[in-house]
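Worksheet: one structure, shown below.
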Amino acid sequence: MNRTYRTVENKEEGSKIVHIDQDLIVRTKSHLKLVMGRGGMTLKRIETAAKRDLIKLFDCSDVILHLHVKFTKSRHARPLDGQNVGVSQQVF
């Protein structure tokens, strides 16, 4: 579930920075441990790889990515449509 993302463009320098706050939803505590890894190292590797790919995708100078792992006991399927889960975009 994506919480927010925003793009900040600097006209003078010609640079673009993308800020993303992302929730990673897991349904079991064992998955939570797998995603976090020892001392958060697995999550850090996920973040580093994602940042590298997002910089290429958005053609920007930097991506500030905040990943949040959340545990839920809900067994119901969550909607994948961004409008239904509260995705918002802000362009500055």
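Just one of the numbered conditions (1) loosely packed, with under 12 Cβ neighbours inside 10 Å; (2) at pLDDT below 95 is not true of residue 82: (1).
Cβ-Cβ distances below 6 Å connect the following pairs, each with a first residue in segment 61-86 that is within 15 Å of residue 24 (Cβ to Cβ), a second residue that is of a type in the set (S, T, N, Q) and modelled with pLDDT of 80 or more, and a separation of six or more residues or different chains: 67/22. Among the residues of segment 1-25, those identified as open to solvent by less than 40 Å² (accessible area, probe 1.4 Å) and farther than 19 Å from residue 72 by Cβ are 7, 15, 18, 20.
The values are calculated or read from the model by the stated rules, or taken from the named source; none is laboratory data. The structure displayed is predicted, hence computed values, not measured ones. Every residue, glycine among them, receives a Cβ derived from its backbone with ideal geometry; neighbour counts consider all protein chains shown. Heavy atoms of the whole protein, side chains included, go into the accessibility calculation; ligands, DNA and RNA do not. Shrake-Rupley method; radii C 1.70, N 1.55, O 1.52, S 1.80 Å.
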